[in-house]
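Single-structure report; data block below.
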């Protein structure tokens, strides 16, 4: 890899977010097809996004990676995030969305999520990454499954910022090389197996 890119997977490259990316992220996050899968559904602004980049991303409280295709690496089509970092538990939360409609349906989500998780495990040594997905967001749940995430439990009655109340799934991907990875309680895998066929995104104000 050359230039600013830190990870790759098949046709995709990941690079750290820059301040110039705020415009794309605001545009993407304000689209209804993206907004509806978040708990936080308020309108994003350029000023607010720049403040978040400077105060949260640049200070290392969260990490955002822009998803770019190798055929046109100067153009981002979406982004991945690592946030809600818990150093005491050696874990963090992950999420992503594909912003450009032209990039939908190509499998980019699972490839980017997989690359982001692998990079985060290697770079920061987390024992696991978690994610939250609305139970009716079947495409997002399938994206996470393909990227190595498994359902842990259902989160009932999550209240969104527009007062919508919905259920979510909590998922995790373990770091296979981390001794601190937590095993599921006995019977938990069986209990969750049926739910895997049915669940996107971190709903907090993450970027």
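The values are calculated or read from the model by the stated rules, or taken from the named source; none is laboratory data. Just so you know, these numbers come straight off a predicted model, no measurement behind them. Glycine also receives a Cβ, built like all others from the backbone with ideal geometry; neighbour counts cover every protein chain displayed.
One line per residue, one yes/no per condition, for (1) in contact with a helix residue (DSSP H, G or I) (Cβ under 7 Å, 6 or more places away or on another chain); (2) surrounded by 20 or more Cβ atoms within 10 Å (Cβ to Cβ); (3) closer than 15 Å to residue 126 by Cβ:
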residue	(1), (2), (3)
42	no, no, no
48	no, no, no
57	no, yes, no
69	no, no, no
86	no, no, yes
91	no, yes, yes
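Screening 173, 166, 145, 132 for residues that are surrounded by 16 or more Cβ atoms within 10 Å (Cβ to Cβ) and more than 17 Å from residue 95 (Cα to Cα) leaves exactly one candidate, 166.
Can you go through 62, 7, 23 and tell me which one is more than 19 Å from residue 120 (Cα to Cα) and touching a helix residue (DSSP H, G or I) at 6+ places or on another chain (Cβ under 8 Å)? Spell out the reasoning first.
Details: 62 fails: more than 19 Å from residue 120 (Cα to Cα); 7 fails: more than 19 Å from residue 120 (Cα to Cα).
Being more than 19 Å from residue 120 (Cα to Cα) and touching a helix residue (DSSP H, G or I) at 6+ places or on another chain (Cβ under 8 Å) holds for just one of 62, 7, 23, which is 23.
Consider the stretch 168-186 and keep the residues that are within 12 Å of residue 153 (Cα to Cα) and at pLDDT below 55. The one that is farthest from the chain's Cα centre (by Cα) is 185. Pairing each residue of the stretch 110-126 that is farther than 18 Å from residue 145 by Cβ with any residue that is assigned to a helix (DSSP H, G or I), provided the two are 6+ apart or on different chains, yields C-beta distances under 8 Å for 126/120. When the stretch 104-118 is examined, which residues are found to be surrounded by 20 or more Cβ atoms within 10 Å (Cβ to Cβ) and either out of contact with any helix residue (DSSP H, G or I) (no Cβ under 7 Å at 6 or more places or on another chain) or modelled with pLDDT under 95 (or both)? Answer for the stretch 104-118, where residues must be surrounded by 20 or more Cβ atoms within 10 Å (Cβ to Cβ) and either out of contact with any helix residue (DSSP H, G or I) (no Cβ under 7 Å at 6 or more places or on another chain) or modelled with pLDDT under 95 (or both): 108, 111, 112, 114, 115, 116, 117.
Within the stretch 124-143, the set of residues being more than 25 Å from residue 61 (Cα to Cα), more than 14 Å from the chain's Cα centre (by Cα) and not in a loop (DSSP other than H, G, I, E, B) comprises 138 only. Looking at the stretch 3-22, can you tell me whether even one residue there is out of contact with any strand residue (DSSP E or B) (no Cβ under 8 Å at 6 or more places or on another chain), crowded, with 17+ Cβ neighbours inside 10 Å and outside any strand (DSSP E or B)? Scanning the stretch 3-22, I find at least one residue that is out of contact with any strand residue (DSSP E or B) (no Cβ under 8 Å at 6 or more places or on another chain), crowded, with 17+ Cβ neighbours inside 10 Å and outside any strand (DSSP E or B), so the answer is yes. Just one of the listed residues (97, 121) is surrounded by 17 or more Cβ atoms within 10 Å (Cβ to Cβ) and not in a helix (DSSP H, G or I), namely 97.
Within the stretch 1-29, the residues that satisfy the criterion of being at pLDDT 95 or above and over 16 Å from residue 63 (Cα atoms) are 8, 9, 10, 11, 12, 23, 24, 26, 27, 28, 29.
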